[in-house]
Amino acid sequence: MGQPDIDLARPYHKSFRVMTSTVAASPQTVALTIAGFDPSGGAGVIADVKTFTAFGCFATAAVTSLTYQNTLGVYGAVHQTGEAVRAQVLPIVEDFAVACVKTGMLPTREVIEEVARLFRETSLPSPVVDPVVRSTSGYDLIDDAAL
């Protein structure tokens, strides 16, 4: 029983095909999430990637905030700058034909304005907007100025 014919060294790009065996699958739809990172996997980019994958999409992500949390609660967060979010999104847009975008936790006014600018300046399609304001445990996840 041989190993599947998978080229792990080949980067994915706009014209990629995923090799799952000796037969190439059709090109996958590329989805982008712009959201916070929940290390417990219950929300944010990890949950979005799971969902995209379940629907057969190739998932890409830009992290807007690193949260300190588990399934019991949120203990803090460090937000990315607008520039840092832009620096994550632009290489994705350059490399992939992004077909769908979902936004989640956009924690600061600066990040919100930068994400809006990215939609105006790039070929990104209109997003599914899932605003995240407060965790289920009551932790405020965005700055007051972002409201």
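Rule-based calculations on the coordinates, nothing more; no lab input. Just so we're clear, the structure is a prediction, and the values are computed from it rather than from any experiment. A quick note on method: Cβ atoms are made from the backbone with ideal geometry, for glycine too, and the neighbour counts reach across all protein chains shown.
Note that the range 100-105 has calculated 3J(HN,Hα) couplings of 8, 9, 10, 10, x, 6 Hz, one per residue in order, obtained from phi through the Karplus relation 6.51 cos²θ - 1.76 cosθ + 1.60 (θ = phi - 60°); glycine and proline are x.
For the range 30-146, compute the orientation-averaged projected area of the C-alpha convex hull (one quarter of its surface), in nm². Write out the running numbers ahead of the final one.
Details: hull surface 26.6 nm².
Projected over every direction and averaged, the Cα hull of the range 30-146 covers 6.6 nm².
Judged by the mean number of other Cβ atoms found within 10 Å, the most tightly packed of the peptides 41-48, 129-136, 57-64 leads the ranking 57-64, 41-48, 129-136. For Ala61, the residues 5 or more places off, or on other chains, whose built amide H falls under 5 Å of its own are Thr33.
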